[in-house]
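Here the structure comes first, spelled out in structure tokens, and everything after it is commentary.
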């Protein structure tokens, strides 16, 4: 596709359920990022992939959060036993290899935990 | 990664130049300065980036001071659609932070008629 695609665009889930959020990066982009943005707040870094490995997982807020990437392509962010404080927009971005390439963002998945 | 400091908000009249400052006094020699913006309810959008020299593209100009401790993003003729949060980022250049993009709180730019 032409840009970074995220699905679903909106997700409402009950507290305690697990959710999976998907990101399809731009083809050929080796770096992939996940961010969380709570209402009215800035972007909070979660995790960064270079290829299929994650050199920086420092932003994952708890062990309920995990992410994987396969085929240097699609990535899935999984939140287990969701809590109300997990409600946010989850944004994905991808970037080509190189020290000075720009990142392209998807439109995000709006997660609401009720 | 070097930290950045931006004013929380700025106003600009439509048609005038908007000059958005950013301080990054701890920037390393091989770190780039990036600017992104986020219009309400959308994902962030890349604007411009630079290392040492001033840069210009179809969206904006980036002026980096000689000591690289600060920079200014210039939107030469602001329009109402430029109202957004503008983020100045210094991108990590090595180790596990290579490529990491850390967003601060940004500057809320409001362009008014």
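Can you tell me which residue among A:66, A:73, A:58, A:62 is free of Cβ contacts under 8 Å to residues at least 24 places away in the same chain, more than 13 Å from chain B (Cβ to nearest Cβ) and in a loop (DSSP other than H, G, I, E, B)?
A:62
Taken together, the residues in the range A:105-114 that are more than 7 Å from chain B (Cβ to nearest Cβ) and either within 15 Å of residue B:101 (Cα to Cα) or assigned to a strand (DSSP E or B) (or both) amount to 5. Whether a residue is over 11 Å from the mean Cα position of the chain (by Cα), at pLDDT below 95, farther than 20 Å from residue B:106 by Cβ and within 9 Å of another protein chain (Cβ to nearest Cβ) was assessed, and residue A:31 passes this test. Scanning the range A:49-87 for residues that are surrounded by 14 or more Cβ atoms within 10 Å (Cβ to Cβ), at pLDDT below 95 and touching a helix residue (DSSP H, G or I) at 6+ places or on another chain (Cβ under 9 Å) turns up A:55, A:56.
Does the range B:86-101 include one or more residues that are within 10 Å of the chain's Cα centre (by Cα), surrounded by 20 or more Cβ atoms within 10 Å (Cβ to Cβ) and within 11 Å of chain A (Cβ to nearest Cβ)? Checked against the condition, which is being within 10 Å of the chain's Cα centre (by Cα), surrounded by 20 or more Cβ atoms within 10 Å (Cβ to Cβ) and within 11 Å of chain A (Cβ to nearest Cβ), the range B:86-101 yields at least one hit.
Examine the range B:71-85 for a residue that is in contact with a helix residue (DSSP H, G or I) (Cβ under 8 Å, 6 or more places away or on another chain), buried (at least 19 other Cβ atoms within 10 Å of the Cβ) and closer than 30 Å to residue A:25 by Cα, and state whether such a residue exists. Taking every residue of the range B:71-85 in turn, at least one turns out to be in contact with a helix residue (DSSP H, G or I) (Cβ under 8 Å, 6 or more places away or on another chain), buried (at least 19 other Cβ atoms within 10 Å of the Cβ) and closer than 30 Å to residue A:25 by Cα.
Residue under question is residue B:34, and the condition is that it be touching a strand residue (DSSP E or B) at 6+ places or on another chain (Cβ under 6 Å), modelled with pLDDT under 95, within 18 Å of residue A:93 (Cα to Cα) and surrounded by 15 or more Cβ atoms within 10 Å (Cβ to Cβ); does it hold?
On the way: touching a strand residue (DSSP E or B) at 6+ places or on another chain (Cβ under 6 Å): yes; modelled with pLDDT under 95: yes; within 18 Å of residue A:93 (Cα to Cα): yes; surrounded by 15 or more Cβ atoms within 10 Å (Cβ to Cβ): yes.
Considered against the rule, which asks whether it is touching a strand residue (DSSP E or B) at 6+ places or on another chain (Cβ under 6 Å), modelled with pLDDT under 95, within 18 Å of residue A:93 (Cα to Cα) and surrounded by 15 or more Cβ atoms within 10 Å (Cβ to Cβ), residue B:34 comes out as yes.
Can you name every one of the strands (runs of 3 or more DSSP E) wholly within the range B:8-85 that holds 1 or more residues which are within 11 Å of another protein chain (Cβ to nearest Cβ) and without any contact (Cβ under 8 Å) to a residue 24 or more places away in the chain?
Details: elements: B:9-13, B:18-23, B:33-38, B:45-50, B:61-64, B:70-75.
So the answer is B:45-50.
Scanning the range A:76-99 for residues that are more than 16 Å from residue A:51 (Cβ to Cβ), assigned to a strand (DSSP E or B) and over 10 Å from the mean Cα position of the chain (by Cα) turns up A:79, A:88.
The values are calculated or read from the model by the stated rules, or taken from the named source; none is laboratory data. The structure displayed is predicted, hence computed values, not measured ones. Please note: Cβ atoms are built from the backbone with ideal geometry, for glycine as well, and neighbour counts cover all protein chains shown.
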